[in-house]
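Below is one structure, written out as C-alpha cells; comments come after it.
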C-alpha cells in the first residue's frame, strides 16, 4: 500500500516548467496552464503533455489535430496564473494577453518566449489526466528567456 503523504511529497519534488496549452477547435479557443510536459523523442520530435480530462482543453483536443504549447519565461508568472481560469477571447487577447494565429491556425501568445506547434499523434486516456503525444511541426522563437519553473512560483501541482 502506498503512503499517501510520502507519495505526495515525492511526486511534488519533481521538476516542472509552466506552459500554456492553446487549442483552436471548431468549437472555440481554449488555453490552460499545464505543467506535466516532457520531450519524448528526437526523431521524430515528440512531446508528451498530461491534460486534465475534465478540462475544456481536453474536450477541444478531441476535435482538433493541432495544438500549440507556449513556453512561459522567468518573470512571467502572471501569464501562467491567467490561464488557471476559463478562457476569454476578445480583441486578439486571450485572458488579457495578446496572441496571433500560427500557420495551422493555433493561438500563439506573443509574450511567450517560445511556442511549439504540434500535430496530435496519440491520446492515452488513463487516470484523471490523459497523456497527449504531439509531433512538433513548427517552432516560434519570439525572444530568448529561461523557462519559468513551478518551484520558483511557490505553487505546486501533483502528488
>> I'd like to know if segment 107-126 contains one or more residues that are within 23 Å of residue 156 (Cα to Cα), out of contact with any helix residue (DSSP H, G or I) (no Cβ under 7 Å at 6 or more places or on another chain) and at pLDDT below 95.
In response: yes
> For segment 76-83, does any single residue satisfy the condition of being surrounded by 15 or more Cβ atoms within 10 Å (Cβ to Cβ) and more than 15 Å from the chain's Cα centre (by Cα)?
Replying inline: no
> Is there any pair linking a residue in segment 128-150 that is under 17 Å from residue 105 (Cα atoms) to one that is surrounded by fewer than 16 Cβ atoms within 10 Å (Cβ to Cβ) and modelled with pLDDT under 95, with Cβ under 6 Å and at least six apart or on different chains, and which?
Replying inline: 138/103
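Here's the yes/no breakdown for (1) assigned to a helix (DSSP H, G or I); (2) under 13 Å from the mean Cα position of the chain (by Cα); (3) without any contact (Cβ under 8 Å) to a residue 12 or more places away in the chain:
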position	(1), (2), (3)
5	yes, no, yes
22	no, yes, no
27	no, no, no
31	no, yes, no
44	no, no, no
49	no, yes, no
54	no, no, no
58	yes, yes, no
> Regarding residue 121, is this residue loosely packed, with under 12 Cβ neighbours inside 10 Å, under 23 Å from residue 43 (Cα atoms) and over 15 Å from the mean Cα position of the chain (by Cα)?
Replying inline: no
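The values are calculated or read from the model by the stated rules, or taken from the named source; none is laboratory data. All values derive from a computational prediction rather than experimental measurement. Positions of Cβ are generated from backbone atoms using ideal geometry, with glycine treated the same way; all protein chains shown enter the neighbour counts.
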